[in-house]
């Protein structure tokens with residue numbers, strides 16, 4: 001009985017100790033590897049209930065979330081005093097409307113396709129339920145097009161921008177840097193798929209057409225390119241699924257991703273359920289990074305991944321707050337950036353998503 005009471009006391013005390021720095025906030029487990037890609041599951045001392053957050057994919061699929069070019073929703077504003085200035089389409093702005101009963105979680109790196117050109121979400125944020133139209137900061141990932149049959153967008157679905165593209169949008173916040181990264185990543189993806197043409201089924205004509213496109217979504221959505229991404233992503237996904245019950249029981253809330261033995265990224269969520277909902281998109285983004293990266297091989301171990309997760313503070317912090325909704329904090333350290341999204345909605349006050357990148 002004493003042991004049970006002591007164990008229960010420790011379980012209740014763990015979140016407080018973790019906050020005080022006496023118990024590691026996160027622990028990195030043994031890796032899952034396939035080819036160039038290695039991912040380390042991250043477990044937390046405690047988890048939050050984040051099940052009520054809506055994802056972009058879920059909202060767009062249900063029709064409750066609408067993303068469109070700027071200036072296309074003037075008649076859908078619920079409160080006249082909140083009316084944004086009506087203007088024409090803008091490269092780095094879209095308008096989003098959340099008609100659902102749930103707060104919408106947006107992650108930097110999620111891609112929406114359609115409108116006059118495809119865009120990538122520039123930063124993490126939360127959109128409250130039944131929101132007025134919100135100006136959404138984005139970057140173009142298709143510079144060669146400025147026409148469209150419809151102004152509305154859909155989610156790219158099972159793919160989001162790979163870490164090298166997310167990094168330029170989140171840290172540099174520079175459109176030209178995003179274009180440069182998109183061009184480099186897309187070109188490399190085409191070359192990898194073309195080299196595997198007898199297996200992947202990419203003809204010379206298709207490869208030539210993709211080399212000429214400026215659309216990141218079109219390249220990554222090509223069947224031959226997807227096959228190459230799947231070669232890396234699917235074995236990792238299968239092993240992850242085989243461990244899912246065990247990982248959920250241990251409060252698995254994130255992963256550290258390494259390419260050719262070099263750590264590049266970490267994504268950490270408030271709960272195992274939230275991680276599971278984003279996992280298919282995340283693993284494919286890491287796999288795309290592995291497919292398109294040419295660096296010398298080196299070995300990475302659990303200790304290195306643990307050290308990466310332990311260092312979430314830095315020399316400089318800049319916060320942006322939407323009162324009562326969210327706070328996003330950008331932390332700059334030696335050779336890395338951390339982006340923390342904290343929910344300020346009623347009964348929350350916790351970090352919903354943390355992204356850490358190597359610079």
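State whether one or more residues within the range 255-264 are over 26 Å from residue 294 (Cβ atoms) and more than 18 Å from the chain's Cα centre (by Cα). Can you show your working first?
Applying the first criterion (over 26 Å from residue 294 (Cβ atoms)) to the range 255-264 yields none.
No, because not a single residue in the range 255-264 is over 26 Å from residue 294 (Cβ atoms) and more than 18 Å from the chain's Cα centre (by Cα).
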Requested in this report: Could you check how many residues of the range 123-145 are at pLDDT 95 or above and assigned to a loop (DSSP other than H, G, I, E, B)?
Outcome: 5
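Within the range 305-347, can you find the residues that are out of contact with any strand residue (DSSP E or B) (no Cβ under 8 Å at 6 or more places or on another chain) and within 21 Å of residue 131 (Cα to Cα)? I'd like the intermediate steps shown before the answer.
Keep residues of the range 305-347 that are out of contact with any strand residue (DSSP E or B) (no Cβ under 8 Å at 6 or more places or on another chain), which gives 307, 323-324, 333-334, 346-347.
Those that are out of contact with any strand residue (DSSP E or B) (no Cβ under 8 Å at 6 or more places or on another chain) and within 21 Å of residue 131 (Cα to Cα): 323, 324, 346, 347.
Report yes if residue 102 is over 20 Å from residue 150 (Cα atoms), at pLDDT 95 or above and either out of contact with any strand residue (DSSP E or B) (no Cβ under 8 Å at 6 or more places or on another chain) or surrounded by 14 or more Cβ atoms within 10 Å (Cβ to Cβ) (or both), otherwise no.
On the way: over 20 Å from residue 150 (Cα atoms): yes; at pLDDT 95 or above: yes; either out of contact with any strand residue (DSSP E or B) (no Cβ under 8 Å at 6 or more places or on another chain) or surrounded by 14 or more Cβ atoms within 10 Å (Cβ to Cβ) (or both): yes.
For residue 102, the condition - over 20 Å from residue 150 (Cα atoms), at pLDDT 95 or above and either out of contact with any strand residue (DSSP E or B) (no Cβ under 8 Å at 6 or more places or on another chain) or surrounded by 14 or more Cβ atoms within 10 Å (Cβ to Cβ) (or both) - is met.
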Query - Every residue from the range 269-285 that is closer than 22 Å to residue 46 by Cβ and crowded, with 24+ Cβ neighbours inside 10 Å - result: 269, 270, 275
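Kindly evaluate residue 177 against the criterion of being over 16 Å from residue 291 (Cβ atoms), in a helix (DSSP H, G or I) and at pLDDT 90 or above. I'd like the intermediate steps shown before the answer.
Numbers: over 16 Å from residue 291 (Cβ atoms): yes; in a helix (DSSP H, G or I): yes; at pLDDT 90 or above: yes.
Judged against the criteria, residue 177 is a match.
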Requested in this report: Give the residues of the range 22-59 that are under 13 Å from residue 154 (Cα atoms) and buried (at least 21 other Cβ atoms within 10 Å of the Cβ), sorted by residue number.
Outcome: 56, 59
Query - Of residues in the range 319-334 being over 20 Å from the mean Cα position of the chain (by Cα) and within 22 Å of residue 168 (Cβ to Cβ), the one surrounded by the most Cβ atoms within 10 Å (Cβ to Cβ) - result: 333
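The values are calculated or read from the model by the stated rules, or taken from the named source; none is laboratory data. Not measured: the values here are computed from a predicted model. Glycine gets a Cβ as well: all are built from the backbone with ideal geometry, and neighbour counts include every protein chain shown.
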